[in-house]
Amino acid sequence: MIFEIVTLFPGMFESPFNDSIIKRAVEKELISIGFTDLRDFGTGPRRSVDDYPYGGDPGMLMCPGPVVEAVKSAKAKFAGHKPKVLFMSPQGEPFSHAIATEFAQEKSLVILCGRYKGIDQRALDLCVDREISVGDFVLSGGEIPAMAVVDAVSRLIPGVLGNGESAGQDSFFDGLLSPPQYTRPEEFEGIKVPDILISGHHENIRKWQKETAVEITRRKRPDLLR
Ligand code: SAH
């Protein structure tokens, strides 16, 4: 899977993508992550990419020209196939395990990050395939949402997680939240690990985990069971 991120702040991605699972996935060549710097497509001596919005609203808006040119340039890196273009937006479809699973089937994804008050609607109409939101709140830019998408999608690509960390046991994989988990010590501050988990009886453990997952899902996220 190849991710190409279109952003004014490529530097923001350095640390989050340079550790642990994502770093390993890049090293194993299971994913690659490239950047298109929107600043390179700015105009004038200051390579400006934003301007005042029509209608007199306060704040700045990203101009259509630099955005369309940057997305065109990002797509041109993929010879032979057409990547889907995602726009990270609070107005988009709520991101979910189901959408991450769908994206994990793609060969490549271009992810456009907005800044300021957002992006001129004409640029979005011209180049965006899907708008994706990470929740009903407004962040200062699409970079953190893009990181969340790259991370969640990468985890679902075969080989990215080691055997011991399979995504199959995570919340949402089978429509349920994951059951509670415990590690050593067996007793902590007077609270013991449930007996069943140290019984060594694998079949009973699975049954307990399944029942507990259903119970926890019913309590915390009843909407998932509907
Ligand atoms: N004026 C816009 C918000 C702009 S926030 C509105 O009210 O809809 C600036 C940028 O941050 C957006 O263009 C988008 O790329 C990103 N962003 C902010 N909140 C987000 C969210 N919840 N999910 C995904 N992207 C978000």
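Could you tell me which of the residues G65, G56, G44 is in contact (Cβ under 8 Å) with a residue 12 or more places away in the chain and farther than 30 Å from L176 by Cα? When all the criteria are applied, what remains is G65. Within the stretch 38-64, being out of contact with any strand residue (DSSP E or B) (no Cβ under 7 Å at 6 or more places or on another chain) and either among the hydrophobic types (A, V, I, L, M, F, W, C) or not in a loop (DSSP other than H, G, I, E, B) (or both) holds for R39, D40, F41, T43, S48, P64.
Within the stretch 121-143, the set of residues being within 11 Å of the ligand (Cβ to nearest atom), over 19 Å from G34 (Cβ atoms) and either of a type in the set (D, E, K, R) or not assigned by TED's automatic domain parsing to the domain that holds R24 (or both) comprises E131, D136. Can you say whether P158 is in contact with a Gly (Cβ under 8 Å, 6 or more places away or on another chain) and either at pLDDT 95 or above or not hydroxyl-bearing (S, T, Y) (or both), as far as the supplied structure shows? Criteria not met by P158. Per the listing K82, K107, the residue uniquely more than 30 Å from G175 (Cβ to Cβ) and either more than 14 Å from the ligand (Cβ to nearest atom) or crowded, with 18+ Cβ neighbours inside 10 Å (or both) is K82.
A single member of P90, P53 is within 30 Å of V160 (Cα to Cα) and within 13 Å of the ligand (Cβ to nearest atom), and it is P90. Only residues that are among the basic types (K, R), under 30 Å from N163 (Cβ atoms) and surrounded by 12 or more Cβ atoms within 10 Å (Cβ to Cβ) were counted across the stretch 10-50, and they come to 2. Every residue in the stretch 147-201 that is hydroxyl-bearing (S, T, Y) and surrounded by 12 or more Cβ atoms within 10 Å (Cβ to Cβ), please. Scanning the stretch 147-201 gives S154, S171, S178, Y182.
Going residue by residue through the stretch 144-159, is there one that turns out to be more than 16 Å from the ligand (Cβ to nearest atom), under 18 Å from F13 (Cβ atoms) and part of a strand (DSSP E or B)? No, the stretch 144-159 contains no residue that is more than 16 Å from the ligand (Cβ to nearest atom), under 18 Å from F13 (Cβ atoms) and part of a strand (DSSP E or B). Is it the case, given these coordinates, that G168 is over 15 Å from H97 (Cβ atoms) and either of a type in the set (K, R) or under 22 Å from the mean Cα position of the chain (by Cα) (or both)? Considered against the rule, which asks whether it is over 15 Å from H97 (Cβ atoms) and either of a type in the set (K, R) or under 22 Å from the mean Cα position of the chain (by Cα) (or both), G168 comes out as no.
The values are calculated or read from the model by the stated rules, or taken from the named source; none is laboratory data. Worth saying up front: this structure is predicted, and the values here are computed from it rather than measured. When we count neighbours, we look across all protein chains shown, and the Cβ atoms used for this are built from the backbone with ideal geometry, even at glycine.
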